[in-house]
Ligand SMILES: [Ca+2]
Ligand SMILES: [Ca+2]
Ligand SMILES: [Ca+2]
């Protein structure tokens, strides 16, 4: 007759059980049961912990990526429309601003739809940044401590040299650098690290008005 082999643990438990009273669990059986249960629980806990940590890491990285992309998109927008790119230091990018038209160039009132003249066209003649009466107005991106900051011209005043204060566009930045691939194509690298995760982004932008 074919016999089914019992798992070793049951045989052991049976032997232990046979030594004492068969009517219930002995102390040793109880201890072994608790031990087995503990091993199972610890295993499950570790598996769950690993899954939660992996989930945390992923959402952490997703958050960092979203913040990095926001800053990248901002720089790319200004780069695409600029006719002047400068990299004064490895972690600084300066471009002439010729994208925005949210003010009336004559009375400097805020107009969401603009007045049809780029705001950098200070003398409102249709040419932008062409001479001393209409000097170049810059947008600057610079790494300051762990923050990537942006400085924009202030078009709310009649002065051509007014700038708005530095504004943080991305926090926890550990690396920011720009380099020319060609005279009108720039590569930007951005690294963010929040102490737990690190993400690196790289993008390229072409200045349409430059050759
Ligand atoms: Ca305008
Ligand atoms: Ca002008
Ligand atoms: Ca100007």
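The values are calculated or read from the model by the stated rules, or taken from the named source; none is laboratory data. Everything numeric here is computed off the predicted structure, so don't read it as measured data. Don't worry about glycine lacking a Cβ; one is built from the backbone with ideal geometry, like all the others, and counts go over all protein chains shown.
Out of segment 116-127, which residues are more than 9 Å from ligand 3 (Cβ to nearest atom) and surrounded by 17 or more Cβ atoms within 10 Å (Cβ to Cβ)?
Start the filter on segment 116-127 by keeping residues that are more than 9 Å from ligand 3 (Cβ to nearest atom), which leaves 116-117, 124-127.
Answer for segment 116-127, where residues must be more than 9 Å from ligand 3 (Cβ to nearest atom) and surrounded by 17 or more Cβ atoms within 10 Å (Cβ to Cβ): just 117.
For segment 128-139, how many residues are assigned to a strand (DSSP E or B) and surrounded by fewer than 19 Cβ atoms within 10 Å (Cβ to Cβ)? Break it down into steps so the answer makes sense when it comes.
Filtering segment 128-139 down to residues assigned to a strand (DSSP E or B) leaves 131, 134, 138-139.
Of the ones still in play, those that are also surrounded by fewer than 19 Cβ atoms within 10 Å (Cβ to Cβ) are 131, 134.
Residues meeting the conditions: 2.
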Exercise. Is it the case that some residue within segment 102-117 is out of contact with any strand residue (DSSP E or B) (no Cβ under 8 Å at 6 or more places or on another chain), at positive phi and at pLDDT below 95?
Worked result: no
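Among residues belonging to segment 92-112 that are closer than 13 Å to residue 79 by Cα and more than 9 Å from ligand 1 (Cβ to nearest atom), point out the one that is surrounded by the fewest Cβ atoms within 10 Å (Cβ to Cβ). Break it down stepwise before answering.
Just the residues of segment 92-112 that are closer than 13 Å to residue 79 by Cα, to begin with: 93-100.
Now narrow it down to the ones that are more than 9 Å from ligand 1 (Cβ to nearest atom): 93-99.
Working: 93: 24, 94: 19, 95: 25, 96: 23, 97: 22, 98: 21, 99: 16.
Step by step, filter segment 92-112, then rank; the result is 99.
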Exercise. What's the number of the condition residue 59 fails, among (1) loosely packed, with under 15 Cβ neighbours inside 10 Å; (2) farther than 22 Å from residue 139 by Cα; (3) at pLDDT 95 or above?
Worked result: (3)
Exercise. Which of (1) within 16 Å of ligand 2 (Cβ to nearest atom); (2) surrounded by fewer than 19 Cβ atoms within 10 Å (Cβ to Cβ) does residue 145 not meet, given it meets every other one?
Worked result: (1)
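Does residue 86 satisfy the condition of being within 16 Å of ligand 1 (Cβ to nearest atom) and surrounded by fewer than 16 Cβ atoms within 10 Å (Cβ to Cβ)? Steps first, answer last, please.
On the way: within 16 Å of ligand 1 (Cβ to nearest atom): no; surrounded by fewer than 16 Cβ atoms within 10 Å (Cβ to Cβ): yes.
So residue 86 fails the test.
For segment 139-159, which residues satisfy the criterion of being over 25 Å from the mean Cα position of the chain (by Cα) and either closer than 18 Å to residue 76 by Cβ or within 12 Å of ligand 1 (Cβ to nearest atom) (or both)? Give the derivation first.
Filtering segment 139-159 for residues over 25 Å from the mean Cα position of the chain (by Cα) gives 153-159.
153, 155, 156, listed by residue number.
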